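The values are calculated or read from the model by the stated rules, or taken from the named source; none is laboratory data. Keep in mind it's a predicted model, so treat the numbers as computed, not measured. In this analysis, Cβ positions are derived from the backbone assuming ideal geometry, glycine residues included, and neighbour counts consider all displayed protein chains.
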Amino acid sequence: MLALLCGGQGTLSDKIFDLVADQPAAESIFTAATSLLGEDPRDFVRTRDADELSANHASQILTVTSALAIHACIADLLTEATAVTGYSVGEMAAWSLAGIWTADETLRLTDVRARLMDGVAEPDGRLGYVRGLDRTTLEELLEKHRCEIAIRNPDLLFVVGGTEQDVVNLLQEASTLGAARAGILAVKIASHTSRLQQACEPLKQALEASRHASVAHQRILLAGDGGERIFSVSDAMAKLACQVARPIDWAATLEALAEQGVDRVLDLGPGHALAEMMQGFLPSIRCYAADGFRTADGLRNWIASD
């Protein structure tokens, strides 16, 4: 079974739309995103610098637009059971791929999500990552530096959030204590930490008021924060809303994908981090990233080949 993974905010580039920029199937996605960004996203990524691309609102819209645009170009080929899930804001895209929201509604709700997060976030929030520290040592650093775990990934890779200075201090000490790697991320908001708690209730209300359907036939939707299979959309909305202020267990989500019988993975991006994580976690699963294909036809041929 194929699984589609929708990526989260990260380092965006001016090439994220190159694969499908000229595809008619993606045009309506770009039109919907234009109304939210004030500029065609294909132009936006070429005319903005790295700081502007990593701003929370723009980054969320661009990230979800990328996944939706690629999906639009392969959707007609997905005629068999397909698992879908998303990493952080990528879960908004995953719900669309599962048939719950239209692409337009997904982007509108992503805009609401980003604005609510910005409205309650402290101006100096930041995310960083630490790889290779045991959980006990990391917990001690988190308490000392007033930070929180935002995401647990496989292979002792943790994303941590807090104020930028606290995150920097934690990363520096983690390196001295034997962390294999530690660094700051482009995301300039402490997503998935309690600092965004005030965004949960208004986001829950927005999701519940959305135009939505049930999970589509032949789609297996897994929650991105731990892999629980979603059957009831209404029951899952509160959890999805509160996820902005709760840690994500992506390692458990990958385990759940394997338990579903997934043997092929396509990372819709942006980028290829999720494909690499899945490949490292379960080498027996064939993992590809959409941005590894040179043409949309090449991607479509791969989807149709098995």
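Some points to look at:
- Test: residue in the stretch 50-70 that is assigned by TED's automatic domain parsing to the domain that holds residue 269, part of a loop (DSSP other than H, G, I, E, B) and of a type in the set (A, V, I, L, M, F, W, C): yes
- Residue within the stretch 241-258 that is within 20 Å of residue 106 (Cα to Cα) and touching a residue at least 60 places away in the same chain (Cβ under 8 Å) present: yes
- Members of the stretch 30-56 that are modelled with pLDDT of 95 or more and of a type in the set (Asp, Glu): 39, 40, 43
- Conditions (1) surrounded by fewer than 16 Cβ atoms within 10 Å (Cβ to Cβ); (2) at pLDDT 95 or above: number failed by residue 113: (1)
- Residue match in the stretch 19-26 (condition: surrounded by 16 or more Cβ atoms within 10 Å (Cβ to Cβ) and in a helix (DSSP H, G or I)): yes
- Test: residue in the stretch 41-49 that is touching a Gly at 6+ places or on another chain (Cβ under 8 Å) and either outside the structural domain of residue 275 (by TED's automatic domain parsing) or not in a loop (DSSP other than H, G, I, E, B) (or both): no
- Where a residue in the stretch 26-47 is within 20 Å of residue 296 (Cα to Cα) and its partner, wherever it lies, is assigned to a helix (DSSP H, G or I) and at pLDDT below 95, with Cβ under 7 Å and at least six apart: 45/53
- Scanning the stretch 12-41 for residues that are among the aromatic types (Phe, Trp, Tyr) and in contact with an Asp or Glu (Cβ under 9 Å, 6 or more places away or on another chain) yields a total of 1.
- Residue match in the stretch 106-128 (condition: farther than 21 Å from residue 202 by Cα and not charged (D, E, K, R)): yes
- Residue tally, condition more than 14 Å from the chain's Cα centre (by Cα) and among the β-branched types (Val, Ile, Thr), over the stretch 47-69: 1
- Filter result (part of a loop (DSSP other than H, G, I, E, B), closer than 18 Å to residue 253 by Cβ and either out of contact with any helix residue (DSSP H, G or I) (no Cβ under 6 Å at 6 or more places or on another chain) or outside the structural domain of residue 251 (by TED's automatic domain parsing) (or both)) within the stretch 88-130: 88, 98
- Reported count of residues in the stretch 135-155, each being surrounded by fewer than 15 Cβ atoms within 10 Å (Cβ to Cβ) and in contact with a Gly (Cβ under 9 Å, 6 or more places away or on another chain), is 2.
- Within the stretch 1-39, the set of residues being over 26 Å from residue 191 (Cα atoms) and more than 20 Å from the chain's Cα centre (by Cα) comprises 1, 21, 22, 23, 24, 25, 27, 28, 31.
- Candidate set: the stretch 71-87, residues that are of a type in the set (Gly, Ala, Ser) and assigned to a helix (DSSP H, G or I); chosen: the one surrounded by the fewest Cβ atoms within 10 Å (Cβ to Cβ): 75
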